[in-house]
């Protein structure tokens, strides 16, 4: 046999072994997949067989749990909730959040109905119906965008380029935002209107903020009076201007009428009625803005939306015992059977080792 024939036979043997290895690899791979599906199928059959043999146990505990849960739900006090939306003024958000923590501590943890009733101006028996106070920011994205734009204008060019809206938004604490949602949980459906006034006062119990609110109201009042005086003076000037203009128009040699105001010199062009009317409109706009501020900043907090006349059911399915109790009893029954099965398995294994 020539050397070339021996090389060809050697190459054929190597290729045959290679294909055989590849074939064995694919066979092992598919056999592994098949064994996995077979194990899953056997596991499903085992679970179904377990529940099939003991279906009466599981059905029984579910029925018993539903009945007990229904009775407990019927005899227990119902829980209600209601929301109030407020806008904080004069950077009072931090104080509001601190006072909310205090009220929640008194109602939910300490259950101090005497102190809670004193703060809310209600009786201790009514205070015992309150179960918790909760607060979270509820400021819309547009308001946050306006805050971001105003804050960014006060930064230098380098800081402006580095500060994005998302970074600014994440850096804000809840109490720094203006609008907040407050929830009160209670077992009395009609307690919310009773506590609204006392609750509002309890949120802003701070002498500094009260003095700041009073000074701001006084300043706005004086600003309003000053604007009203300026509007009256402007009206007077317009009336006088019209009188003079009518009188001058009756003279043929008249070349027009001008009124000189402020630092205007006699050689300069005077103020005509159009400019006076523009000034009056400007003053009226400022007056409207001041009146709006007097309403918005009248108190330390502005109640955007008060409590409704009655609370509403805020419970979820997790609060319904006729849902949760059957699940708990079902889980306990399953756990008992699993532990029993493990005990039986270990006992048989121990007996087999002894044999």
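The values are calculated or read from the model by the stated rules, or taken from the named source; none is laboratory data. Source: prediction; values computed, not measured. With ideal geometry, Cβ positions are generated from the backbone for all residues, glycine too; neighbour counts draw on all protein chains shown.
Quick notes on this structure:
- Scanning the stretch 113-142 for residues that are touching a strand residue (DSSP E or B) at 6+ places or on another chain (Cβ under 7 Å) and more than 14 Å from residue 194 (Cα to Cα) yields 131, 132, 133, 134, 135, 136, 137, 138, 139.
- Look at the stretch 203-225: where a residue is under 30 Å from residue 104 (Cα atoms) and a partner is assigned to a helix (DSSP H, G or I) and modelled with pLDDT of 90 or more, sitting 6+ places away or on another chain with Cβ atoms under 6 Å, you get 203/96; 203/99; 206/95.
- Residues that are part of a loop (DSSP other than H, G, I, E, B) and either touching a strand residue (DSSP E or B) at 6+ places or on another chain (Cβ under 9 Å) or crowded, with 16+ Cβ neighbours inside 10 Å (or both), drawn from the stretch 191-239: 191, 204, 206
- Only a single item in (1) exposed (fewer than 15 other Cβ atoms within 10 Å of the Cβ); (2) under 30 Å from residue 285 (Cβ atoms); (3) modelled with pLDDT under 90 is not met by residue 139, and it is number (1).
- Annotation note: of 344, 324, the sole residue that is in the same structural domain as residue 66 (by TED's automatic domain parsing), in a helix (DSSP H, G or I) and without any contact (Cβ under 8 Å) to a residue 40 or more places away in the chain is 344.
- Residue check: residue 70 meets all listed conditions (1) in the same structural domain as residue 195 (by TED's automatic domain parsing); (2) touching a helix residue (DSSP H, G or I) at 6+ places or on another chain (Cβ under 6 Å); (3) closer than 30 Å to residue 128 by Cβ but one, namely (1).
- Scanning the stretch 123-136 for residues that are more than 30 Å from residue 170 (Cα to Cα) and surrounded by fewer than 16 Cβ atoms within 10 Å (Cβ to Cβ) returns 123, 124, 125.
- Unmet criterion (only one of (1) within 28 Å of the chain's Cα centre (by Cα); (2) at pLDDT 85 or above) for residue 331: (1)
- Among the candidates 120, 177, 172, 163, the residue that is surrounded by 11 or more Cβ atoms within 10 Å (Cβ to Cβ) and either over 23 Å from residue 204 (Cα atoms) or free of Cβ contacts under 8 Å to residues at least 24 places away in the same chain (or both) is uniquely 163.
- Residue 325 vs. criteria surrounded by 14 or more Cβ atoms within 10 Å (Cβ to Cβ), within 35 Å of the chain's Cα centre (by Cα) and at pLDDT below 90: yes
- Residue within the stretch 10-31 that is modelled with pLDDT under 85 and within 30 Å of residue 337 (Cβ to Cβ) present: no
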